[in-house]
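Step one of this worksheet: look at the structure below.
The values are calculated or read from the model by the stated rules, or taken from the named source; none is laboratory data. Worth saying up front: this structure is predicted, and the values here are computed from it rather than measured. Here Cβ is always computed from backbone atoms with ideal geometry, including for glycine, and neighbour counts include all displayed protein chains.
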Amino acid sequence: MSMTITEKILADHAGLPEVVPGQLITAKLDLVLANDVTGPIAIREFTKFGVDKVFDAGKVALVPDHFTPNKDIASAEQAKLMREFAREQQIEHYWEIGRVGIEHCLLPEQGVTLPGDMIIGADSHTCTYGALGAFATGVGSTDCAAGLATGEGWFKVPESMKFVFHGTKFQPWVSGKDLILYIIGKIGVDGARYRAMEFAGEGISALSQDGRFTMCNMAIEAGGKNGIIAADEKTEAYLKGRAHRPYKVFASDPDARYAEIMEFEVSEIPLQVALPHLPENTESVEEAAGIKLDQVVIGSCTNGRIEDLRVAAGILRGRKIHPEVRLLIFPGTQEIYRQAMHEGLLDIFLEAGAAVSTPTCGPCLGGHMGILAKGERALATTNRNFVGRMGHPESEVYLSGPAVAAASAVRGEISHPREVVGNG
Amino acid sequence: MGKAWKFGHDIDTDVIIPARYLNRSEPEYLAAHCMEDADAGFAPGVKSGDVIVGGKNFGCGSSREHAPLAIKASGVKAVVAESFARIFYRNALNIGLPILECPEAAAGIEAGDEVEVEPASGKITNVTRKTSFQAMPFPVFMQELMAAGGLVPYVRGRLKNA
């Protein structure tokens with residue numbers, strides 16, 4: 001029977017020749033992930049299962065990235081609890097500050113997540129790894145704990161939605177972020193609820209690996225169970241030198257069945273901005289232009305990769321941030337940070353008047369390192385603009401890709417990059 | 001029987017429990033800030049046995065289990081909504097917070113109505129308006145999960161028998 005890529009990976013890990021949407025399966029896990037917010041609860045629940053050891057210390061990743069470097073005593077205690085568990089269980093994939101990065105940038109970079117893998121993570125943006133052709137989905141701490149104890153999880157096979165992008169003529173500065181915001185704007189924040197979101201077509205082939213991570217990262221913002229893109233030669237190139245174990249490449253059959261297929265021409269998609277307080281409130285940057293800003297954030301598991309920093313630096317080079325705006329830049333990992341340093345990007349950022357931080361999820365979730373006061377407004381390359389997401393419940397978050405964010409930081413208001421650099 | 005607290009569509013887990021409180025995980029601490037950014041009167045006013053009524057996509061966004069933990073520790077007996085976001089749905093079942101998907105009940109209950117919910121049968125009664133509703137039944141597997149008392153006892157049982 002013909003299957004989608006998602007169905008094939010689920011069948012493979014359930015030991016079944018085929019699966020169909022709606023079927024409940026038990027699947028073996030290649031990786032179980034938690035962070036310093038979800039990990040402590042997962043560890044607390046893990047101790048109730050009556051087992052001493054995690055199912056496989058080489059298939060667990062514990063990433064202290066949310067409230068680290070520790071913002072206060074309470075968060076330091078949470079990080080300590082996870083650190084002690086990692087040491088006691090001899091968890092292979094654990095990193096300390098100075099080596100750690102934002103989980104969804106770090107794990108692919110370190111070759112921990114590979115094509116064909118079955119991954120659960122106690123973080124909703126676990127769906128990011130679908131960009132490598134893996135099945136990856138976010139779960140809560142108790143599901144994570146069960147995965148730690150058993151190496152298995154129960155799943156309902158999702159229906160798949162296919163998003164086909166025709167053409168390769170992107171409008172200037174349009175990136176993976178714009179494509180995914182555009183989709184969410186069309187289908188809404190529950191438009192893919194319980195479903196697999198499969199991205200395909202020439203437009204996706206033309207997209208960089210970094211851009212693909214950004215797209216799959218935000219599948220959850222449409223309610224998706226997972227986002228997925230079949231691995232191709234760009235994926236193979238990305239994995240070279242990173243992958244240290246064999247992996248399986250899956251692809252959808254040509255006659256696989258989809259609940260829905262949506263098609264787009266990439267040339268028709270303009271730069272996007274999502275207005276408060278839902279990622280579905282999208283407009284073109286022209287429509288949103290002129291909105292005054294107090295803060296701009298470039299980074300996060302959505303847009304904290306080297307390509308994002310290069311795009312931002314291309315716009316900021318030789319320019320200054322608007323005097324009334326704070327620009328905060330968060331490289332996703334130490335490797336990205338160092339690469340940005342070698343390429344001279346950090347000089348450009350500092351010269352422009354931006355703050356560059358060590359990798360952390362900090363401001364994206366309103367945790368620390370850039371909290372908004374009452375009435376303040378931010379434009380961020382992050383993934384959510386819910387009420388109070390970045391601070392005070394009466395603050396506002398707008399979402400965009402890195403080009404619009406950098407240009408807007410220069411102008412002090414939401415701006416098309418051409419307003420800053422001409423027609424690129 | 002308890003009072004209904006009504007919320008709109010797409011109630012996200014950031015609103016249910018803002019990240020500024022996620023540096024701790026004790027359910028009672030989380031409960032003291034539950035729904036703070038949507039209705040500051042909720043945490044101080046909610047009483048044991050009360051019911052939350054939401055619109056579509058309740059619990060969307062972050063996977064934080066702190067959200068159903070906060071609701072459960074606040075004394076809320078059940079959440080009734082038009083629909084639930086996937087991760088929240090799983091988390092609520094896993095920790096034993098009854099959730100009932102019922103668009104008719106979500107539309108037919110107003111804030112402050114006296115409501116009776118029977119999670120096992122899915123029956124929802126609006127005592128104030130003298131109406132009753134039947135929620136969508138849970139799949140068999142999830143009924144087993146709930147009968148075991150949540151995911152931890154369910155998996156512990158399976159590990160013991162393995």
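Quick look at the values:
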{"quantity": "Selected residue (only one of A:Ser357, A:Ser300, A:Ser395 is hydroxyl-bearing (Ser, Thr, Tyr), in contact (Cβ under 8 Å) with a residue 24 or more places away in the chain and within 14 Å of chain B (Cβ to nearest Cβ))", "calculated": "A:Ser300"}
{"quantity": "Any hit, the range A:235-243, residues being outside the structural domain of A:Pro108 (by TED's automatic domain parsing), part of a helix (DSSP H, G or I) and out of contact with any strand residue (DSSP E or B) (no Cβ under 8 Å at 6 or more places or on another chain)", "calculated": "no"}
{"quantity": "Qualifying residues in the range B:4-34 (those that are closer than 22 Å to B:Gly108 by Cα and more than 10 Å from every other protein chain (Cβ to nearest Cβ)) - the one surrounded by the fewest Cβ atoms within 10 Å (Cβ to Cβ)", "calculated": "B:Gly8"}
{"quantity": "Matching residues in the range B:128-154 - criterion: being away from chain A (no Cβ under 13 Å) and in a helix (DSSP H, G or I)", "calculated": "B:Met146, B:Ala147"}
{"quantity": "Residue list for the range A:36-56, restricted to those being outside any loop (DSSP other than H, G, I, E, B) and either at positive phi or within 7 Å of chain B (Cβ to nearest Cβ) (or both)", "calculated": "A:Pro40, A:Ile41, A:Glu45"}
{"quantity": "All helices (runs of 4 or more DSSP H) inside the range B:1-109 with 1 or more residues being closer than 25 Å to A:Gln78 by Cβ", "calculated": "B:13-16, B:27-31, B:42-45, B:66-73, B:86-95"}
{"quantity": "Pairs where the first residue, in the range A:179-208, is within 14 Å of chain B (Cβ to nearest Cβ) and the second is in a helix (DSSP H, G or I) and acidic (Asp, Glu), C-beta under 6 Å, 6+ apart", "calculated": "A:Ile184/A:Glu221"}
{"quantity": "The range B:39-91, residues that are polar (S, T, N, Q) and more than 13 Å from chain A (Cβ to nearest Cβ)", "calculated": "B:Ser48, B:Ser74"}
{"quantity": "Hits in the range A:138-152 (condition: within 26 Å of A:Ile180 (Cβ to Cβ) and more than 10 Å from chain B (Cβ to nearest Cβ))", "calculated": "none"}
{"quantity": "Yes/no for A:Ile25 being within 14 Å of chain B (Cβ to nearest Cβ), without any contact (Cβ under 8 Å) to a residue 40 or more places away in the chain, β-branched (Val, Ile, Thr) and surrounded by fewer than 18 Cβ atoms within 10 Å (Cβ to Cβ)", "calculated": "no"}
